[in-house]
Amino acid sequence: MSSSPTMRAISQDIFGAPEVLHLTEKARPEPLPTEVQVRVHAAGVNPVDWKTREGGGMAGLLGEPPFVLGWDVSGVVTQVGFGVHTLEVGDEVYGMPWFPRQAGAYAEYVTAPSRQFALKPKTVDHDRAAAVPLAALTAWQSLVDAARVEPGQRVLIHAAAGGVGHFAVQIAKHLGARVIGTARAAKHDWLRSLGADELIDYTAVRFEDAVGDVDVVIDLVGDEHDATSTRSLKTLRPGGIIVAVPSGVSPELVDAAHAQGLRASAFLVEPDGPALTRIAGLIDEDIVKVEVEDVLPLADAAEAHRRGESGRTRGKLVLRVAS
C-alpha cells in the first residue's frame with residue numbers, strides 16, 4: 001500500500017454534462033474518532049450521481065463544485081479511529097457513507113463513521129458488493145420501514161429491472177409479497193427468475209389498465225415521467241400506500257391520495273449498517289442476487305454516467321477503483 005498522502009479521485013469544477021468529470025489528485029482523508037478509513041476497491045454508480053453532477057440531486061447539500069461524487073463503497077479498512085470497536089484494519093466492508101452529504105466514493109480512499117459500514121457479503125467480489133448499498137438500502141427501507149410490507153400483500157414495483165428495482169423485487173418476494181413489476185418485455189424472463197409473479201410491459205399497455213387491487217406501490221420512476229406516481233393511485237386498493245422514491249411526494253399527489261382513501265409517502269434512503277448486515281446475509285444465502293451490467297475503470301466515470309443516463313441498464317454500473 002502506498003504511503004503517499006494523496007489519492008486519485010474523480011472531481012468536477014462546474015455543473016454540467018458527463019464531460020465535466022475528470023481525474024485528479026486530492027489529499028487522502030484521515031479518520032476522526034469513531035471513523036474508519038477505507039481503501040476503495042469499487043464504487044457503484046447511481047442516478048443521484050448524475051443528477052447531482054448536473055446541479056440537481058444532492059447538489060444543494062454538497063454546494064458548489066469542486067466535489068467528488070459517489071456514495072456506494074466496497075473496500076478494505078486501512079485505519080480505525082479512536083473509539084471504533086466494530087471493525088478492524090483488514091476487514092472487507094461495504095456501505096453508503098454520509099448520504100446525502102458528500103462521501104466522495106469516486107476516489108481511492110474514504111472516511112466515515114464505522115457504523116455506516118458493514119462486513120461485505122462473502123460470496124461476491126468488491127465489484128458486485130459496490131453495486132449493493134444505495135440501491136439495496138433504498139429497496140429495503142422503502143419496503144420494510146416505509147411501506148411495512150406483510151406476507152400476502154400485492155406489491156407493484158416500477159422500473160423493476162433497474163438498480164433499485166431488481167433488489168426490490170427480490171426483497172419483496174423474501175418478505176412474502178406477491179410481486180408485480182413494470183419493465184420492457186425483453187427483461188421479463190430475467191425478472192421472473194428473480195421472483196416476480198406478474199410483469200407489465202409499460203411500452204405496450206398502460207400499467208393502470210393492467211393491474212389493480214395493489215397494497216403497495218414502490219415508484220422508482222416518479223411523476224416527472226408520464227405522471228407515473230399519480231397514475232399509480234388507480235392501482236391501489238383502499239388504504240394502500242405509494243412510496244415515491246426519485247422525486248418525492250408533491251402536495252397534489254398527497255391530496256389526490258387522501259381524497260381516494262390512500263396514503264402517499266416520500267422517501268430518502270439513509271446509511272444503515274444493521275440493514276446492510278441483513279442484506280449481506282441474504283446475498284450469501286443466495287436469496288438476493290446482485291446484477292452488474294458492467295464494470296468500468298475509475299477514469300471512465302463520464303462514460304459510466306452516459307450509459308446510466310440512457311435508462312436502459314440492467315442492474316448496476318460500477319467503477320473499479322483499485323488497480
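At a 10 Å Cβ-Cβ cut-off, how would you order Tyr94, Tyr109, Tyr202, fewest neighbours first?
In order of increasing Cβ crowding within 10 Å: Tyr202, Tyr109, Tyr94.
Please find, in a Gaussian network model of the chain (springs between Cα atoms separated by less than 10 Å), the residue of Gly195, Gly273, Gly239 whose mean-square fluctuation is greatest.
Comparing Gly195, Gly273, Gly239 in a Gaussian network model of the chain, the most mobile one is Gly239.
Hey, could you grab the Kirkwood Rh for the chain? Inverse mean 1/r over distinct alpha carbon pairs, Å, one decimal.
Hydrodynamic radius (Kirkwood, Cα only) of the chain equals 19.9 Å.
Please check which bits of the range 96-118 a label hung off Glu270 would reach, taking the label as a point 7 Å along Cα-to-C-beta and the cut-off as backbone N under 11 Å.
100
Which of Lys51/Lys234; Lys122/Lys289; Lys173/Lys316; Lys26/Lys51 have a Cα-Cα distance over 18 Å?
With Cα atoms farther than 18 Å apart: Lys51/Lys234; Lys173/Lys316; Lys26/Lys51.
I need Met7, Met96 ordered by Cβ neighbour count within 10 Å, fewest first.
Met7, Met96
To test your reading of the geometry: what angle, between 0 and 90 degrees and rounded to tens, separates the Cα axis of helix 163-174 from the longest principal axis of the chain?
The answer is roughly 60 degrees.
Quick one: what does P(r) look like for the range 1-51 with 10 Å bins over all Cα pairs, in whole %?
Spelled out bin by bin, the range 1-51 gives 18, 43, 32, 7 percent.
Can you give me the Rg/Rh ratio for the range 12-79, using Cα atoms for both radii and the Kirkwood formula for Rh?
Rounded to two decimals, Rg over Rh is 0.99.
Taking Rh as the Kirkwood radius, which is the inverse of the mean 1/r over Cα pairs, what is the Rg/Rh value for the range 135-266?
Reported Rg/Rh (Cα atoms, Kirkwood Rh): 0.92.
All of the numbers you see were taken from the coordinates with simple rules; none came from a lab. Please read all numbers here as calculations on a predicted model, not as lab measurements. So basically every Cβ, Gly included, is an ideal-geometry build from the backbone, and we count neighbours across all protein chains shown.
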